[in-house]
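See structure below.
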Amino acid sequence: MKKDYSKDVFKQLQEAMEMIAQMQEELREARVVIAQQAKRIAELEEKVGKNSGNSSKPPSSDFFKKPTNGRKKSGRKSGGQKGHKPYNAELYEEPDEIIEHKVEKCECGGEIKHLREYKAKQLVDIGI
């Protein structure tokens, strides 16, 4: 008894051709989706690239851009430099109210020794 291999080969060939046709259809659909996505990406990149300087958009629609500092570094530390004359505001001779903050005892009950003199400070309210 001899088996007919030509029918099996023909059947396998038909299944392979159907599979190829299905894959080609999926490939066409994928290419359409890729083309749509590429178009959308180009639109978004163009939109991101626009600002008030190169389009008619108002400045308020610009994304935040950190301002650049035009100053050049001097090499010195920030703040007052050694030897500069300090500025201290003059105390008023007759303030409206004087509040003394004296602490005689610690929270634990111990006595506090004041090693330095009291320091005068003023708080100034400006009415508007």
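Condition check: of a type outside the set (A, V, I, L, M), assigned to a loop (DSSP other than H, G, I, E, B) and in contact (Cβ under 8 Å) with a residue 24 or more places away in the chain. Does P95 satisfy that?
So P95 passes the test.
Quick check on the range 51-70. Is at least one of its residues in a loop (DSSP other than H, G, I, E, B), among the basic types (K, R), within 32 Å of the chain's Cα centre (by Cα) and exposed (fewer than 10 other Cβ atoms within 10 Å of the Cβ)?
There is at least one residue in the range 51-70 that is in a loop (DSSP other than H, G, I, E, B), among the basic types (K, R), within 32 Å of the chain's Cα centre (by Cα) and exposed (fewer than 10 other Cβ atoms within 10 Å of the Cβ).
Every residue in the range 30-48 that is at pLDDT below 95, among the β-branched types (V, I, T) and surrounded by 10 or more Cβ atoms within 10 Å (Cβ to Cβ), please.
Selection gives I41 alone.
Could you figure out which of (1) of a type in the set (S, T, N, Q); (2) under 47 Å from the mean Cα position of the chain (by Cα); (3) in a helix (DSSP H, G or I) isn't true of Q22?
With (1) of a type in the set (S, T, N, Q); (2) under 47 Å from the mean Cα position of the chain (by Cα); (3) in a helix (DSSP H, G or I) applied to Q22, the lone miss is (2).
Might you let me know whether the range 76-83 holds any residue that is more than 30 Å from V124 (Cα to Cα) and either surrounded by 10 or more Cβ atoms within 10 Å (Cβ to Cβ) or without any contact (Cβ under 8 Å) to a residue 40 or more places away in the chain (or both)?
Scanning the range 76-83 turns up at least one residue that is more than 30 Å from V124 (Cα to Cα) and either surrounded by 10 or more Cβ atoms within 10 Å (Cβ to Cβ) or without any contact (Cβ under 8 Å) to a residue 40 or more places away in the chain (or both).
The values are calculated or read from the model by the stated rules, or taken from the named source; none is laboratory data. Small disclaimer: the values here were computed from a predicted structure and weren't measured. All Cβ positions, even for glycine, are placed from backbone atoms using ideal geometry, and neighbour counts span all protein chains on display.
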